[in-house]
Every structure is written in structure tokens, then in C-alpha cells.
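One structure below.
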């Protein structure tokens, strides 16, 4: 190889590296704006727009988007119909993003299911208090190995 060939290779790899970094930066900025748009749509009650912006990010593994979709579907927020299967799917995908440590064999969706149950117990997050829904979500979490859910069920928390 002569000196000209080496310089051309270095220039080509430098250009490729800069291009890759630019694409990564663009994706980070875009995903942040999409998440913000989805969160704002959820706050203003526009569920279809929230799902439109959050779902692509959730499929790419963005945990906050996954948790938000789980909440939207679990609680029927922002005009989106309640869909337990979708909620459980997204809670499971995001794993533990709450400040929680999983117990041995605990389903990663279980801590989120406990939070949904608490909202149905108290009427939080814009839903009406519903003891049946509370018990359903606590039972799911308890079956998933969550100790808190098991204790709350034993105390008849949802009544």
C-alpha cells in the first residue's frame, strides 16, 4: 500500500464514523422529542397520539415508554380502552423501572401491577376507585411472586 491509499482509507473510516455518530445523535434527539410528545398527549387526554409516539419507542426498548403504555392500557387513560393483555405485555417488557428489587422468581411486571392495583384502590391516576379491578391486579402481581401484593391481598386491601 502506498501513502495515498492509507490516507484515503483513514478519510473514509473517519467519514463513516462521523456519519454514524450523527445518526446516533439524531436518533437520541428524536426519541426524546417523541417521548415528550407522547407524555404531553397523555396529559392532555389524547390517547391515540400518546400511543402513536410512545409505541415505536417502546418497541425499541425505551423503558419509560413501555411503562407509560402499560399504565395507559391498564387504566384506560386518555380515551384508550382498557386492555389488560397490552398492559401486562408492556409492564413485562419494561421490567422493573420502579425503585424496586425483584424477589426470587418474581415476574418483572408484578411491581407495576401492584401500582395499578393501588390506583384502583384509591382512585388515583384519574381512574375511579374499583375494588374488583384492584383485586384483579393484586392477584396478578401475587401470582407473579410479588410479596407486597400477597400481603395486601391477605389484608383485604381492596375492600
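All of the numbers you see were taken from the coordinates with simple rules; none came from a lab. In this text the structure is predicted, and so the values were computed from the model without any measurement. So basically every Cβ, Gly included, is an ideal-geometry build from the backbone, and we count neighbours across all protein chains shown.
Using only Cα atoms and rounding to the nearest 10 degrees, what angle (0 to 90) does helix 47-59 make with the longest principal axis of the chain?
60
Return an integer: the convex hull volume of the alpha-carbon atoms of segment 1-80, in Å³ per residue.
77
For helix 63-75, report the angle its Cα long axis makes with the longest principal axis of the Cα atoms of the chain; keep it between 0 and 90° and round to the nearest 10°.
30
As a test of the formula, what do you get for the chain when each DSSP H run with n ≥ 4 contributes -39,500 (n - 2.57) and the sum is divided by the residue count, at 222 nm and rounded to the nearest 500 deg cm²/dmol?
Value at 222 nm, helices only, nearest 500: -23500 deg cm²/dmol.
Suppose R0 equals 22 Å; then what is the FRET efficiency for residue 82 and residue 155 from their Cβ-Cβ distance, rounded to the nearest 0.05?
Computed FRET efficiency for residue 82 and residue 155 comes out at 0.30.
Going by alpha carbons, how many degrees (0 to 90, nearest 10) lie between the helix axis of 3-43 and the longest principal axis of the chain?
The two axes meet at around 20 degrees.
Write down the radius of gyration of the chain and its Dmax, each obtained from C-alpha positions, in Å.
Radius of gyration, then largest Cα-Cα span, for the chain: 21.7, 82 Å.
Name the shape class, rounded, prolate or oblate, that the alpha-carbon gyration tensor gives for segment 95-159, where a ≥ b ≥ c are the square roots of its eigenvalues, rounded holds for a/c under 1.5, and otherwise prolate holds if a/b is larger than b/c and oblate otherwise.
Here segment 95-159 falls in the oblate category.
Give me the one-decimal nm value for the distance between modelled label points at residue 19 and residue 44, 7 Å along each residue's Cα-to-Cβ direction.
3.8
What order do you get for 16-23, 120-127, 104-111 when each peptide is scored by the mean count of other beta carbon atoms within 10 Å, highest first?
104-111, 120-127, 16-23
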